[in-house]
1. I need the phi-derived Karplus couplings for the stretch 347-357: 6.51 cos²θ - 1.76 cosθ + 1.60, θ = phi - 60°, integer Hz, Gly and Pro marked x.
2. When only C-alpha pairs under 8 Å and at least 6 residues apart count, what is the relative contact order of the stretch 293-368, in percent?
3. Once each part is reduced to its C-alpha centroid, what is the distance from the stretch 296-330 to the stretch 243-265 in angstrom?
4. Determine the dipole magnitude for the stretch 363-422: charges of +1 sit on the beta-carbon of Lys and Arg, -1 on that of Asp and Glu, nothing else is charged, the reference point is the Cα centre, and the result goes in debye to the nearest 20.
5. Can you check how the C-alpha radius of gyration of the stretch 40-180 compares to 2.2 N^0.38 Å, as a plain ratio?
6. Taking the Cβ of ARG363 as the center, what net charge do the other residues with Cβ under 14 Å away carry, scoring Lys and Arg +1 and Asp and Glu -1?
7. Stokes-Einstein at 4 °C, 1.567 mPa s, Kirkwood radius from Cα pairs: D for the stretch 107-166 in µm² s⁻¹?
8. Taking amide H atoms as placed 1.01 Å from N in the peptide plane, list the residues 5 or more away in sequence, or in a different chain, whose amide H sits under 5 Å from that of VAL36.
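Any read-out appearing in this document is the output of simple, stated calculations on the displayed coordinates, not a laboratory observation. None of the values given here were measured: they were computed from a predicted structure. Cβ: placed from backbone, ideal geometry, glycine included. Neighbour counts: every protein chain shown.
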Amino acid sequence: MKESSSATLKWVVIGGGIAGLTSAYLLKQAGHSVVVLEKSSRDEHTANQDGGVRIPPNMSRLLQELPGAEKLLMERAMKCAGLLFYQCNSDDPAELVGRMDFPEEIMNDLGCDFYFIPHKYLHEHLLNLCTSVGVEIRHGFEVVEILSSEHELNLVGMTVIGKSGAQVTGDIVIGADGKNSITRKILLAEQDEAEEQESFDSDDSETPVLLPIKAYTGATMSIPVSLIRSDPELAPFLQENYWPIFMGNGTSVAMSQYGPDLYLLDLTYGMPPRADDRDEEWLSSGTPVSKVLERVEEYDPRVKKLIRLASTSHWNIQTIYDLPRYVSKLDNLIVIGDAVHSVAINGTYNAAAAFEEAFTLGRLFSKSPPGIAKENASFLLNGYQQIQRQRMPALEKSSMEAVILLGLLPPEREARNNGFRLTLNLKGADDATLEHVWAGYISLFNYDARDAVDEWWMNWSRLGTKDSVAADS
């Protein structure tokens, strides 16, 4: 699609991760001008992509719409066969208390599967897609300030200022700059609640609706598959591609293979962070695995053995924000991905939420011809806000409830485990039973961001667009 240089929107994307690159590619394909500002150097940007990505069906459905994605999944990803839930008890072998298989007939009905993939391969694929369509990517651009600026067509644009003093001006800025987002602060300031929501130590700060805590901690450890395969006690974890989740006292450890060479363990601590969790050195660099072992004393010996195989652990603190808006009041800033949502770290929907946001944005701005997109920008951004405010609470609620559920302490965890045990004998279960077990998953897995946009467009386009041709597209 050809661009009209004077009439197309110029998007400035801050952050070259999954959310930023996916948005950049889709908006460029919709005919707009896009520049991505990434603070790391080009070499760092491609090299520092550790970890893995969970790709549930609501994400794989979208991913497979991108060129080359099916081949990527076939060659680089592992298909997940289901979840296994284990209860750890005082250093004894853990008890299998529940399971959630992903039967072929249900996955066929969904039209897509659940995958695990190393982060570096998905990131590399998205980076190559952006480059192939002419997205401008500026590496080494560390953003220090964002200012509203006078613009044409009565729009207020944005000027992004880098640490070096360089400036980039655009019509709309996308904040895809992660958990330590500079762009989120603009939305928080607009709500006049920045001080309460940014300080999870404050006694008088408001408690978000989603969780009775304002922040929690997670750690990730990577282990070469070869080390696990060579140990007869650990090798069974590589069989059948299940996703084992071990539950302890206030913590859980999720484990899975993300590719031929990568196995990951994710510790989630479903309680407010301890004082030593906020050590900046630990948060900015690798931390000895002894810090993880302190939290898992009651765990299955095999889990602790796996942890000791990791060379280091990487920690994150997630602060919970209850943001009612994802778009600035002047319609010149939109914040996406980990920068805005409170989908739990180490959860199922982190990357999926970012992908849905990117596809929602890209599809909305493909509805209005680039030549009049500036005139329709506020209307389309309002549509984005409406769609995401309907969708995002469901993902946030599901992921946050999982953090609490998997980390329950006695006696509540006994009721949880009794409920889990009902899933151990589902072979031959009737449709009503399967529907009850699968209901929550289906509602989240079956969502298609493109369909949500099309439905919104059908209902509202004639009322808000500036051009009848756009409304009829």
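1. x, 6, 10, 4, 5, 4, 4, 5, 5, 4, 4
2. Worked out over the stretch 293-368, it gives 19 percent.
3. Comparing the Cα centres of the stretch 296-330 and the stretch 243-265, I get a distance of 12 Å.
4. Roughly 200 debye, rounded to the nearest 20.
5. Relative to the rule-of-thumb radius for its length, the stretch 40-180 sits at 1.48.
6. Net charge around ARG363: -2.
7. 83 µm²/s
8. Correct list: VAL13, GLU136, ILE137, ARG138.
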